[in-house]
Amino acid sequence: QVQFVESGGGLVQSGGSLRLSCAASVIMFSDSSVGWYRQAPKKQRELVATILSSGGTNYADSVKGRFTISRDNGKNRMYLQMNSLKPDDTAVYYCNGFPPLPGNWGQGTQVTVSS
């Protein structure tokens, strides 16, 4: 069974930084495209960033230039470095495959950015 476990969230002031980590129990992780998603209160879950098996990356316009997605295939881990955080970045952040695997969402990690 595929599992994703997120960590690294917290409370940070506007302009601050956080680094999220995702541990993935995925067979052949290195061959998988994966992504970070987030869900703010009363909003639908949205795609934040993706990283392909080739290492290619893509970002939502709202985070481009501020967030960096990376992966360590040897550790089956994925990361999201978030800089210049804004209150609008407040959300629960999840990692999953890209496209996401239904039913394999983890509990997420809460990121709260205060103004």
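The values are calculated or read from the model by the stated rules, or taken from the named source; none is laboratory data. Computed from a predicted structure; not experimentally measured. With ideal geometry, Cβ positions are generated from the backbone for all residues, glycine too; neighbour counts draw on all protein chains shown. Protein only, heavy atoms only, side chains kept; ligands, DNA and RNA dropped before computing areas. Shrake-Rupley method; radii C 1.70, N 1.55, O 1.52, S 1.80 Å.
Odds and ends about this structure:
- Some residue of the range 102-114 being modelled with pLDDT of 95 or more and aromatic (Phe, Trp, Tyr): no
- Members of the range 1-28 that are part of a loop (DSSP other than H, G, I, E, B) and either of a type in the set (Gly, Ala, Ser) or surrounded by fewer than 13 Cβ atoms within 10 Å (Cβ to Cβ) (or both): GLN1, GLY8, GLY9, SER14, GLY15, GLY16, SER17, ILE27, MET28
- Every residue from the range 57-75 that is exposed (fewer than 14 other Cβ atoms within 10 Å of the Cβ) and under 14 Å from SER32 (Cα atoms): ASP72, GLY74, LYS75
- Residue match in the range 79-91 (condition: under 19 Å from GLN44 (Cβ atoms), among the β-branched types (Val, Ile, Thr) and in a strand (DSSP E or B)): no
- The set of residues in the range 76-104 being touching a helix residue (DSSP H, G or I) at 6+ places or on another chain (Cβ under 9 Å) and either open to solvent by 60 Å² or more (accessible area, probe 1.4 Å) or among the hydroxyl-bearing types (Ser, Thr, Tyr) (or both) consists of ARG77 alone.
- Of all residues in the range 34-50 being open to solvent by 30 Å² or more (accessible area, probe 1.4 Å) and assigned to a loop (DSSP other than H, G, I, E, B), the one that is farthest from ASN76 (Cα to Cα): LYS42
- Looking at SER53, SER14, SER33, just one residue is of a type outside the set (Asp, Glu), touching a residue at least 12 places away in the same chain (Cβ under 8 Å) and touching a Pro at 6+ places or on another chain (Cβ under 7 Å), and that residue is SER14.
- Options THR50, THR57: the member that is touching a Phe, Trp or Tyr at 6+ places or on another chain (Cβ under 8 Å) and modelled with pLDDT of 95 or more: THR50
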